[in-house]
């Protein structure tokens, strides 16, 4: 079964819906159910939205690390260029 997913980042696409099974401790499940109920959604949708948010957070962290590494590289290159110019004096 496929569902049309509205994806703001890309285009609307049909994605196959897969079933995932996992185990959680009862206190976590009770909290999931409580939060799902308070947001007027079901458990499956609540978990899906939470996983999407976590994936987005992880992507942001990866990009931040890549930017940090690039910044360090640029800093090193700038120091090297500065030293080259100073050597020309």
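Points to keep in mind about this one:
- Residue match in the range 41-50 (condition: within 28 Å of residue 19 (Cβ to Cβ) and assigned to a loop (DSSP other than H, G, I, E, B)): yes
- Selection status of residue 43, at pLDDT 95 or above and in contact with a helix residue (DSSP H, G or I) (Cβ under 7 Å, 6 or more places away or on another chain): yes
- Some residue of the range 13-34 being surrounded by 10 or more Cβ atoms within 10 Å (Cβ to Cβ) and within 18 Å of the chain's Cα centre (by Cα): no
- Among the residues of the range 12-36, just one is touching a strand residue (DSSP E or B) at 6+ places or on another chain (Cβ under 9 Å), touching a residue at least 12 places away in the same chain (Cβ under 8 Å) and not in a strand (DSSP E or B), namely 17.
The values are calculated or read from the model by the stated rules, or taken from the named source; none is laboratory data. The structure displayed is predicted, hence computed values, not measured ones. Ideal geometry is used to build each Cβ from the backbone, glycine not excepted, and the neighbour counts take in all protein chains shown.
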